[in-house]
1. List the number of the failed condition for Cys96; all other conditions in (1) at pLDDT 85 or above; (2) under 27 Å from Ala245 (Cβ atoms); (3) open to solvent by less than 50 Å² (accessible area, probe 1.4 Å); (4) not basic (Lys, Arg) hold.
2. Return yes or no: is Val51 closer than 21 Å to Ile133 by Cα and surrounded by fewer than 21 Cβ atoms within 10 Å (Cβ to Cβ)?
3. Restricting to segment 32-42, name every residue that is open to solvent by 10 Å² or more (accessible area, probe 1.4 Å) and within 13 Å of the chain's Cα centre (by Cα).
4. Looking at Arg290, Arg216, which is the one that is over 23 Å from Glu328 (Cα atoms) and assigned to a helix (DSSP H, G or I)?
5. Take segment 7-27 and flag every residue that is part of a loop (DSSP other than H, G, I, E, B) and open to solvent by 10 Å² or more (accessible area, probe 1.4 Å).
6. Contact list please: Cβ distance under 7 Å, first residue in segment 43-72 and modelled with pLDDT of 85 or more, second residue polar (S, T, N, Q) and open to solvent by less than 20 Å² (accessible area, probe 1.4 Å), pairs at least six apart or on different chains.
7. Within segment 40-62, count every residue that is within 23 Å of Gly120 (Cα to Cα) and in a helix (DSSP H, G or I).
8. Is there a residue being closer than 30 Å to Phe207 by Cα and in a helix (DSSP H, G or I) anywhere in segment 159-169?
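The values are calculated or read from the model by the stated rules, or taken from the named source; none is laboratory data. Computed from a predicted model, the values in this text were never measured in an experiment. Counting neighbours? That spans all protein chains shown, and the Cβs are built from the backbone with ideal geometry, glycine included. For accessibility, only protein heavy atoms count, side chains too; no ligands or nucleic acids. Shrake-Rupley method; radii C 1.70, N 1.55, O 1.52, S 1.80 Å.
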Amino acid sequence: MAAEYATFGLAPAMRAGGVLSDGDYQVHRDFVDFIVDGRPLLFRLSDLDAVSPLASDIPPAIFTAQVRSLLLETDAPLPGGRYVIYGCPECEDLACGAVTAVIRRDGDDFVWRDFAWQTGEHADLELNGYHGIGPFRFSGAEYRAALAALLDGTAHTGRRVLLIGDRVALLARLAAALRTIGIGADITRDAGDVPADELRAYGAVAFGRSVGEQERAAVRRAFTGAGVDVAYVDGLAPIVPLLVAQIEHALDRGPVERRRLTRLAAADGAADVEVSSPCRVRLTAYRVDRLNRTHTHEVFDGILEPGSHRIPLDPKTAKGESFVVARESGSVLVEAVTRRKPG
């Protein structure tokens, strides 16, 4: 089958990290995704928890080598002219499975074809081929320009959050959890004396519930004075996994059209979830009781098809002060459970 022309681009993406309800965690990974005909290529692969080889946390020399490999300036890393397009976000070991494809030149164009799921040296197209994906023909000029733009080093940006509040023990646990999943975190009560160069390292500021409006305003003035546009997070409750999810969401500046998980609402005994492509979604409810104890409930864990879905919430999980976290491999949303007022 002849490959038809497709547009090629690149865009920042992430594999959302997180502290899970059972105490386990998954590592956060920032990477550059491939945009084919205006849509992330990863979205065509249904429920796949993976990252491209263009990850921001790999050493610059390796990142550059990956870019030059995709430009076909070096030999293919796998037999048959195959290249890894997406791999395991935890270890990047081929044995864990990877999406590979043949990349070839055709005149001035670049062609991606024969996509497959591969766990060893050779791919079995008949058994593990992605028969509905590709081939894609990319204009050579467009393809080279997009990849060459990565070589200026702008892809290597850190993720860091400034934590402000009174509960030092809670903030210390939160900072440790964030660092575990690859997000830098610092704790302070006054950002006024922090040099502007240091403030520019932060992508978000998280306020504890005890921080007053005057203190919040002073922090905002410090960042505005430094010319820094950061996301501000108002902590919903002193629950570490919930706060981690809020901060993950705040640091995700990607456009909605490039997300799978696009909407979450929780009210009247149900959570409304909207997804743009098939993906595995996990819903977790957190509740704080009258004795300030935290209760965690796994609400849903399964594959959702594109569209809107209503998932019932057990009344016991959503009474009092309660919150819902929705996660898929690339994004996370958080909402407080609201209730209809009597009458």
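1. Every listed condition holds for Cys96 apart from (3).
2. no
3. Residues satisfying the conditions are Val32, Leu42.
4. Only one candidate qualifies: Arg216.
5. Thr7, Leu20, Ser21, Asp22, Gly23, Asp24, Val27
6. Hits for this filter: Phe43/Ser277.
7. Of the residues in segment 40-62, 5 are within 23 Å of Gly120 (Cα to Cα) and in a helix (DSSP H, G or I).
8. Checked segment 159-169: at least one residue is closer than 30 Å to Phe207 by Cα and in a helix (DSSP H, G or I).
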